[in-house]
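This report refers to the structure that appears directly beneath it.
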Amino acid sequence: MILIFDYFETIVHNISMDFNRGLKVLWEKYYKDKCSFQEISNFGDELFEHMLKVHGEGKEYAFVKEELPEYAKKYGGEVVQMSPEEEADFLMRCNEMEPMPAIPDALDEFKKLGIPMYVLSNSGFTAEALSIALERLGIRKNFGGIWSSADFGRIKPCRDFFEMAIQKALAEHPNERREDIVFIGDTYATDVVGANRAGLSAIWMNHKREDNEEHLPIHCIYAPSELTEVVKSIQGGGNP
């Protein structure tokens, strides 16, 4: 068995999210003499709408590679260069985060069982930044590879994005098969449908108790505390 997890609202919970918290620090350091904060905040809103349009095309809009240059183009100066640590700082200012309830204990249990674990995330932030955030939250140790759409350029449910993760995980664990991989995520349209199309078993962390619209053969749970039992059931041959 191999487990591949979604990131936000699967292993990490956003307590609160406000892009302006990160943008304020960026503005104070690089753009305070070029524009007001309200101006750059309004421009950030424009870029957010652009990101949604890009997502509608199945692509990612990477923060460091694609968004930061737009601020320099708009207000002048050099393009801001961010290290992965600085990118993680920005991410964690915008997103007040904590591990999902019961997830740290579940991850520790899966690690004791010898189950390899990975992360596949739709995020405008790079895998390195996501990894640093997990390290700060104390759960990075449980995972092998972490993959972000910011690096890949496409977002779930893109089959190629899933396939990249599948092939890398299987290359590291040649005794496992595609049929042994379980994807765990909270968003039906991207995580559940995407995993199904990629030929993976799926556990849907269905926080909102939504309908399985396509009647897919999945394992549905309503709280993270249910995850350990379901994974052990699948490992033992349990069916959806």
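The values are calculated or read from the model by the stated rules, or taken from the named source; none is laboratory data. No experiment lies behind these values; they were computed from the predicted model shown. Neighbour counts are summed over all protein chains in view; Cβ atoms, including those assigned to glycine, are modelled from backbone coordinates with ideal geometry. Just so you know, the surface numbers come from the protein's heavy atoms only, side chains and all, with ligands and any DNA or RNA stripped out. Shrake-Rupley method; radii C 1.70, N 1.55, O 1.52, S 1.80 Å.
Data overview
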{"read-out": "Dimensions in Å of the chain - Rg and Dmax from alpha carbons", "value": "18.8, 62"}
{"read-out": "Cα lying deepest toward the dipole's positive end in segment 59-114, options Met82, Tyr71, Ala106, charges on Cβ", "value": "Tyr71"}
{"read-out": "Per residue, in Å², the accessible surface of the chain once ligands and nucleic acids are set aside, probe 1.4 Å", "value": "48 Å²"}
{"read-out": "Accessible surface of the chain [probe 1.4 Å, protein heavy atoms]: carbon and sulfur percent", "value": "47 percent"}
{"read-out": "Segment 190-240: C-alpha gyration tensor shape, a/c 1.5 cut-off, then a/b vs b/c", "value": "oblate"}
{"read-out": "Considering only the chain, percent of DSSP beta bridges that pair antiparallel, nearest 5", "value": "25 percent"}
{"read-out": "Candidate lysines for bridging to Lys168, where Cα separation is under 29 Å - those fewer than 8 sequence places away on the same chain excluded", "value": "Lys59, Lys65, Lys111, Lys112, Lys141, Lys156, Lys232"}
{"read-out": "Inter-label distance, nm, simple model (7 Å from Cα along the C-beta direction), Glu85/Leu170", "value": "3.9 nm"}
{"read-out": "Estimated dipole of the chain in Debye, rounded to 20 [Cβ of Lys and Arg +1, of Asp and Glu -1, Cα centre]", "value": "280 debye"}
{"read-out": "Projected label distance in nm at Arg136 and Arg21, using a 7 Å step from Cα toward the beta-carbon", "value": "1.0 nm"}
{"read-out": "Extension gain (nm, one decimal) between Glu28 and Ala72, 0.36 nm per residue minus Cα-Cα", "value": "14.4 nm"}
